[in-house]
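The values are calculated or read from the model by the stated rules, or taken from the named source; none is laboratory data. None of these values were measured; they are calculated from a predicted model. Cβ sites come from the backbone with ideal geometry, for glycine too, and all protein chains shown count toward neighbours. The accessibility values were calculated without ligands, DNA or RNA, using every heavy atom of the protein model including side chains. Shrake-Rupley method; radii C 1.70, N 1.55, O 1.52, S 1.80 Å.
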Amino acid sequence: MSDLIDDPLPGQNLPEYSVTELSGAVKRTLEGEFGRIRVKGEVGRVFKARSGHLYFDVKDDRSVLACTTWKGQIAGLSVVPEEGLEVVVTGRMTAFGGQSKYNLNVDDVAVAGQGALMALLEKRKKQLAAEGLFDPARKRPLPYLPEVIGVVTSPSGAVIRDIFHRLRDRFPRKVLIWPVAVQGAACAPEVTRAIEGFNRLAPGGALPRPDLLIVARGGGSVEDLWGFNEEIVARAAAASEIPLISAVGHETDTTLIDFVSDQRAPTPTAAAELAVPVRLDLMAHMDGQGARLSRAVSQGVTRRRQRLADVARALPRPDGLLDSPRQRIDQVGDRLDSALIRSVQARRIKLADLSGSLRPSALRRMLRNHREDLDARALALPQAQARANRRRHDALGNLASRLRPNQLLMRVEQKSASYQTLIRHLSIAATTRTARLQSQVDGMDRLLATLGYESTLKRGYAVVRADDQVVTTREVAATSASLEVQFADGRLTVANWPSRKAAKPSEKPDQGSLF
């Protein structure tokens, strides 16, 4: 009987998997075994795809772990990975069966230790300094007395109160506050947007454009101040067209924005002191200058009056100045009659001499010579004209012999063929681009329909409105005269709502219903 039953070969009784089934099993096992983990290592290769996703490696001396941060997760990173940086990354392990690879989906990056932060800071300082952003020549002078001051800081901290108090004591000015987070992951992008937003304000607009910016924050640790060491903040401060004062931390704290700003203040209070002068000192200075000006004008007038009196004493009498001119006029008048008679006689003699040389015979001889010369020129004119015409005819013949219509027609045909080819290419490119854009628009429409609130209504939710405004609290609903409830298949107006307000004061409404 044992010969009738064949023993299976080793391994033949193992279950068979398809490639996809095996990849799925590995992925589930990997994600279930590790879940969310933290890994410490050095950042290696960093690559940001055109899609916006971030790919990088975390390595130690023997192994490399591939990491991925999707586009929507990058904004939540407190530190953007840079090559050579020692970090601790947090995320979930997963596998990509299409290439038999596993990686870590990272949603948080932290620098491993303060030494790594200082190394990263030094690297950024060298890079920005090499680009000339720290050059003193590019820093702008602060306005002496700005009309409007823009402050970028947290509106709830003591910093803004210190700035207001110092400005009120020294010289009250208009202040615009742009509230931002001064630490954490949101600090760098919000400060960057604030600086760029102030610079985009149009001068003379409804919201006045500041003449001076102050970026301020109180003291803290290196990690607390790290948002002001981000490259985007430093570049925004360097690109600001409005003069900028950085007042981040205490006097011993130094951040990247301090190097690129136009002026660094050791504290926020000192920034307010740099922004405006002391009003009383300025008024006293102006009063002193006004008194000096009055004294200088008075003394100048007195000196000039004395000088004028001295010069007036040295001048002769007016009558004495006119005696000599009167005598010369009398002498010239006495000689005028005889001088006129002599001048007329001299001109009469000169006229007689000239008239003696004018003879009719001489004029007729001159006219005859000119007429003979003109006749000779008229006889030679046709021959000269004929020679000129022959030269122009020969030149025209030479030009005509070099003109070949066949070559011109051939060039016209070549240009026409090239033009038609270009038109076809442009038409194909326009059709392709139109189709691609239409496909993108259709995709956006589908995404909008998926993410819109109407799709949420189909799952049993409803939107409550009162006076065309969305109601989000029970208090607002209780004080509204009527309510309109929107369901997935239409809207319903709730009537007789004012009857609730007519209830007696002693009657308490049902806390479990709005009707």
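For Lys174, enumerate residues with amide H under 5 Å from its amide H, sequence gap 5+ or separate chain, H modeled in the peptide plane. Amide H neighbours of Lys174, under 5 Å, 5+ apart: Ile149. Expressed in units of 2.2 N^0.38 Å, where N is the residue count, the Cα radius of gyration of segment 56-120 is 1.16.
Note that segment 280-292 has calculated 3J(HN,Hα) couplings of 5, 4, 5, 5, 5, 4, 5, 4, x, 5, x, 5, 4 Hz, one per residue in order, obtained from phi through the Karplus relation 6.51 cos²θ - 1.76 cosθ + 1.60 (θ = phi - 60°); glycine and proline are x. Less than 5 angstrom separates the built amide H of Ile245 from those of Leu213, Ile214, Val215, all sequence-distant by 5 or more or on a different chain. Ordering Thr254, Ala284, Gln469 by the projection of their Cα atoms onto the charge dipole of the chain, which places +1 on the Cβ of Lys and Arg and -1 on the Cβ of Asp and Glu, puts Ala284 at the extreme positive end. Of all DSSP bridge pairs formed entirely within the chain, close to 65 percent run antiparallel. Towards the positive end of the charge dipole of the chain, with charges on Cβ (+1 Lys, Arg; -1 Asp, Glu), say which of Phe56, Thr431, Leu117 has the farthest Cα. Comparing the listed Cα positions along the dipole, Thr431 ranks first. Of the listed residues Glu454, Glu82, the order by accessible area with a 1.4 Å probe, largest first, is Glu454, Glu82.
Between Tyr17 and Glu231, the modelled label-to-label distance comes to 4.2 nm, taking each label 7 Å out from Cα in the direction of the beta carbon. When nucleic acids and ligands are ignored and a 1.4 Å probe is applied, Lys415 ends up with an accessible area of around 140 Å². Of the beta bridges in segment 55-133, as assigned by DSSP with both residues counted there, near 90 percent are antiparallel. Scalar couplings 3J(HN,Hα) for segment 119-134, obtained by applying the Karplus form with A = 6.51, B = -1.76, C = 1.60 to θ = phi - 60°, are 5, 5, 5, 5, 5, 5, 4, 5, 5, 5, 5, 5, 7, x, 6, 9 Hz; x denotes Gly and Pro. What Kirkwood hydrodynamic radius, in Å, does segment 66-219 give when the mean of 1/r is taken over all pairs of distinct Cα atoms and then inverted? Roughly 19.1 Å, rounded to one decimal. Put simply, the C-alpha atoms of segment 373-497 give a gyration tensor, and the ellipsoid matching it has half-axes of 93, 26, 8 Å, longest first. Within the shell defined by Cβ-Cβ distances under 14 Å, the residues around Ala400 carry a net charge of +2, with Lys and Arg each +1 and Asp and Glu each -1.
Tyr419 contributes an accessible area of around 130 Å² to the protein surface, as traced by a 1.4 Å probe with all chains present. At an R0 of 45 angstrom, the distance between the Cβ atoms of Gln420 and Arg200 translates into a FRET efficiency of 0.40. Dipole of the chain computed with +1 at Lys/Arg Cβ and -1 at Asp/Glu Cβ about the Cα centre; of Ser480, Ala275, Val79, farthest Cα towards the positive end is Ala275.
All C-alpha to C-alpha distances of the chain, sorted into 20 Å bins beginning at zero, yield P(r) values of 11, 20, 24, 15, 15, 10, 4, 1, 0 percent in whole numbers.
When Asp57, Asp468 are compared by accessible surface with a 1.4 Å probe, the order from highest to lowest is Asp468, Asp57. Running Debye on segment 40-79 with equal point scatterers at the Cα sites and no solvent, what base-10 log of I(q)/I(0) appears at q = 0.34 Å⁻¹? Scattering profile of segment 40-79, log10 relative to I(0): -1.14. Solvent exposure of Leu379, expressed as accessible area, is near 140 Å², computed with a probe of 1.4 Å over the protein chains only.
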